[in-house]
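Asks: I'd like to ask you about the structure that follows.
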There are 2 protein chains.
Amino acid sequence: MNIYDIAEKAEVSIATVSRILNHKGNVSPKTREKVLKVMDEMGYTPNAFARALGLDSIKMIGVMCSDVSDIYYAKAVSIIENELREKGYDALLCCTGTNISDKKKAIDVLLSKRVDAIILIGSVFQESTDNSHIKKAAKSIPVIIINGEFKFENTYSIMCDEQKAMRDCVLALSEKGHKDILYIYDSDSFSGKRKIKGYIEGMEQIGTDNPETYISKCNKDISCAGTLINDIIKSEIKFSAIITSVDTLAIGAIKALTKHGIKVPEDVSVVGFNNSILADFSSPTITSIDNKVDILSTDAVRTLLDVFENKSVAKAKTIQAEIIYRESFAK
Amino acid sequence: MNIYDIAEKAEVSIATVSRILNHKGNVSPKTREKVLKVMDEMGYTPNAFARALGLDSIKMIGVMCSDVSDIYYAKAVSIIENELREKGYDALLCCTGTNISDKKKAIDVLLSKRVDAIILIGSVFQESTDNSHIKKAAKSIPVIIINGEFKFENTYSIMCDEQKAMRDCVLALSEKGHKDILYIYDSDSFSGKRKIKGYIEGMEQIGTDNPETYISKCNKDISCAGTLINDIIKSEIKFSAIITSVDTLAIGAIKALTKHGIKVPEDVSVVGFNNSILADFSSPTITSIDNKVDILSTDAVRTLLDVFENKSVAKAKTIQAEIIYRESFAK
DNA sequence: AATATTAATGTAAGCGTTTACCTAAAAACT
DNA sequence: AGTTTTTAGGTAAACGCTTACATTAATATT
């Protein structure tokens, strides 16, 4: 069923039907009523493709992340989707995994579906081996990058200053007398690297000689954090605080510590990252660095709309993180 | 840039370009090479709308749920998105909240975007006041409903037998000597109702007189479960086990119990629902009823593809849940 | 009442594909 | 070499909409 069917039934021209559909031009109330009634009766839904062909905009934004089942991305996607919907846009979701060729494919899909823009969540950085797909996309549509960095024409990045947050966190722990602060992390992504940098800066600032020796790597799995802690305890390395790159690792660490009879926060303080809902689920609850996904996500959509409206928009924006104090490291 | 530009540059007709794009018809290797090279050089991406106009399929599936930031939906969406992508389909995400008018709007958006089908996750049931939007959708495209129930032409539902799972869980607790089994739930959704039913059946089966008195309602927030437990403890109601309708509530309950010096599982056993990652994060880890989102989600996509291929497909399918034993209720 | 202005509606071209149908060239038969 | 079959490639219509331009009807102005 199409606009012609409606036009015929309502005894008007297709132009009139189109005008009614688009709230444009002059249509008499009577005609409008009549046509709307016919549309309703026939259960007509306009074809967005055909529309997009004429208008060159489908009101659809590609949203890419590696994995929505990750609680962090899920939150970002959820906020973005809601903000977009409110402004009349849909979200075409692409979970690409971490494989670069899959990301390239995803970009091609989004481009072929003629999305009006792309929002990338995480895992983009300038020095990355291959960013040609982002360049390709940016040639035809704006690309907004959340917590990633990539400077190119038609590209806008919004990030959280995780480096400073990490440094501040080390300093805050130091103020409470902590010197031997371990760092357990899970990823060498763009933000992963910035976190480490900040941690090292902080440690150096409080006079630690070889901060690198306090760092251990781990995968996201909580059991991994557990075995890591077990090893560290066995090796009799001294420590009074632990920072982790994600809340899940903090949970794993706390569980392991508790099993060894080490009390959190009395014996060891723990700070997580992301300030996810998990922070409240743990006992003790986890003090966590909030990297403001909500603000980043909201801002991404706002930026996008500004770009659409040709307002002047900053190519890169940075937002400050905040330490949210809970039980695992009291203020 | 369009097919004409490519055709011109490559000195062939648009038909040839189209044939190459669609791997259809006969094109000589030489010509193919030449055209592909031009496409690559110009960074051409075919316009999926125009294509859809001709083909009447955009290879896009609408995926609806109330909220992707919910860990349960996030997992389902993630699996669905991956399965779809593997088969060459994209997922157009619609997070509708719980408001019926927003759901109707979302359906209209999906229909106007001419998705090839819709997968609904949760919150649909036959007796619901208004399901006209689902009927409307099903009139033009197949609608797959995960963990919801709605019988109509072109509608397929895949659910988990949560009722039986709940009953079995009560019986399992009873076998271990539990009689006073509380049930804390968060939602009167379709699956919420089935869970309660199963709980009551189980309680009756083990000879409880007024099972309803053991039931309390709560929102999803863990603090709510906590205050609820506090109240129950104050009121000196006897209980030795708690079942919750979601893992988060189990976490809240365990935290509250622990604060009161009540040990889990020594004094009170706790069983959660969904078998989410949270179950492992808690200490003690939570025994949880796995309602098999992964299987449901995978199956939804498989069903969809079968429908597309005109294979005969069951209108309704039910999958069995499973109790995953962890520390909070040992086997 | 005649004219100018504005409102309402219609016609037709264009958006970028696919594909049925057609023609020309090449290959495979006699 | 002449005919048939196959392969390669082209032309033009169709998909469902938007919109510039054209036309007619209604209203306002003189």
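Asks: Only one residue in A:Asp90, A:Asp108 is modelled with pLDDT of 90 or more and away from DNA strand C (no atom under 16 Å from the Cβ). Which one?
Replies: Being modelled with pLDDT of 90 or more and away from DNA strand C (no atom under 16 Å from the Cβ) holds for just one of A:Asp90, A:Asp108, which is A:Asp90.
Asks: Okay, moving on. Do you know which of the residues in region A:43-56 that are within 10 Å of DNA strand C (Cβ to nearest atom) and aliphatic (A, V, I, L, M) is least open to solvent (accessible area, probe 1.4 Å)?
Replies: So the residue we want is A:Ala52.
Asks: In region B:291-313, what residues are at pLDDT below 95 and open to solvent by 50 Å² or more (accessible area, probe 1.4 Å)?
Replies: Answer for region B:291-313, where residues must be at pLDDT below 95 and open to solvent by 50 Å² or more (accessible area, probe 1.4 Å): B:Phe308, B:Glu309, B:Asn310, B:Lys311, B:Ser312.
Asks: Right, another one. Here are A:Lys135, A:Lys151, A:Lys104: which of them is in contact with a His (Cβ under 8 Å, 6 or more places away or on another chain) and more than 9 Å from every other protein chain (Cβ to nearest Cβ)?
Replies: Criteria check complete, one pass: A:Lys104.
Asks: Let me ask another. Which one of A:Lys34, A:Lys59 is more than 8 Å from chain B (Cβ to nearest Cβ), surrounded by fewer than 24 Cβ atoms within 10 Å (Cβ to Cβ), at pLDDT below 90 and within 16 Å of DNA strand D (Cβ to nearest atom)?
Replies: After applying the criteria, what remains is A:Lys59.
Asks: Moving on to the next point. Taking into account only those residues within region B:41-55 that are more than 7 Å from chain A (Cβ to nearest Cβ) and without any contact (Cβ under 8 Å) to a residue 40 or more places away in the chain, which is nearest to B:Asp299 (Cα to Cα)?
Replies: B:Leu55
Asks: Looking only at region A:15-42, which residues are under 43 Å from the mean Cα position of the chain (by Cα), within 9 Å of DNA strand C (Cβ to nearest atom) and of a type in the set (A, V, I, L, M, F, W, C)?
Replies: Residues satisfying the conditions are A:Ala15, A:Val17, A:Ile20.
Asks: Go through (1) among the polar types (S, T, N, Q); (2) more than 9 Å from DNA strand D (Cβ to nearest atom); (3) more than 8 Å from every other protein chain (Cβ to nearest Cβ); (4) touching a Ser or Thr at 6+ places or on another chain (Cβ under 9 Å) one by one and return the number of the condition B:Ser69 breaks.
Replies: Unmet for B:Ser69, out of (1) among the polar types (S, T, N, Q); (2) more than 9 Å from DNA strand D (Cβ to nearest atom); (3) more than 8 Å from every other protein chain (Cβ to nearest Cβ); (4) touching a Ser or Thr at 6+ places or on another chain (Cβ under 9 Å): (3).
Asks: Among what's in region A:7-31 and is surrounded by 13 or more Cβ atoms within 10 Å (Cβ to Cβ) and basic (Lys, Arg), pick the residue that is nearest to DNA strand D (Cβ to nearest atom).
Replies: Filtering first and then ranking leaves A:Arg19.
Asks: Being closer than 19 Å to A:Ser223 by Cα and within 11 Å of chain A (Cβ to nearest Cβ) is the filter here, so list the residues in region B:248-289 that pass it.
Replies: B:Ile251, B:Ser276, B:Ile277, B:Leu278, B:Ala279, B:Asp280, B:Phe281, B:Ser282, B:Ser283, B:Pro284, B:Thr285, B:Ile286 - these are the residues of region B:248-289 that are closer than 19 Å to A:Ser223 by Cα and within 11 Å of chain A (Cβ to nearest Cβ).
Asks: Checking B:Val246 against (1) in contact with an Asp or Glu (Cβ under 7 Å, 6 or more places away or on another chain); (2) open to solvent by 80 Å² or more (accessible area, probe 1.4 Å), which single condition isn't satisfied?
Replies: (2)
Asks: Further, regarding this structure: Could you tell me how many of the residues in region A:161-205 are crowded, with 17+ Cβ neighbours inside 10 Å and either part of a loop (DSSP other than H, G, I, E, B) or over 26 Å from the mean Cα position of the chain (by Cα) (or both)?
Replies: 11
Asks: Working carefully through the options B:Thr303, B:Thr318, find the one that is in contact (Cβ under 8 Å) with a residue 24 or more places away in the chain, within 24 Å of the chain's Cα centre (by Cα) and in a helix (DSSP H, G or I).
Replies: Selected residue: B:Thr303, the only one of B:Thr303, B:Thr318 that is in contact (Cβ under 8 Å) with a residue 24 or more places away in the chain, within 24 Å of the chain's Cα centre (by Cα) and in a helix (DSSP H, G or I).
Asks: Let me ask you something else. Residues in region A:73-92: is at least one of a type in the set (Phe, Trp, Tyr), closer than 23 Å to A:Ser189 by Cβ, buried (at least 19 other Cβ atoms within 10 Å of the Cβ) and facing chain B (nearest Cβ under 10 Å)?
Replies: Within region A:73-92, one or more residues are of a type in the set (Phe, Trp, Tyr), closer than 23 Å to A:Ser189 by Cβ, buried (at least 19 other Cβ atoms within 10 Å of the Cβ) and facing chain B (nearest Cβ under 10 Å).
Asks: Quick one: A:Ser328 ticks every box in (1) open to solvent by 30 Å² or more (accessible area, probe 1.4 Å); (2) part of a loop (DSSP other than H, G, I, E, B); (3) in contact with a strand residue (DSSP E or B) (Cβ under 6 Å, 6 or more places away or on another chain) except a single one, so which number is it?
Replies: With respect to (1) open to solvent by 30 Å² or more (accessible area, probe 1.4 Å); (2) part of a loop (DSSP other than H, G, I, E, B); (3) in contact with a strand residue (DSSP E or B) (Cβ under 6 Å, 6 or more places away or on another chain), A:Ser328 is out only on (1).
The values are calculated or read from the model by the stated rules, or taken from the named source; none is laboratory data. Given the structure is predicted, the values throughout are model-derived calculations rather than measurements. Don't worry about glycine lacking a Cβ; one is built from the backbone with ideal geometry, like all the others, and counts go over all protein chains shown. Note: areas computed on protein heavy atoms with side chains; ligands, DNA, RNA excluded. Shrake-Rupley method; radii C 1.70, N 1.55, O 1.52, S 1.80 Å.
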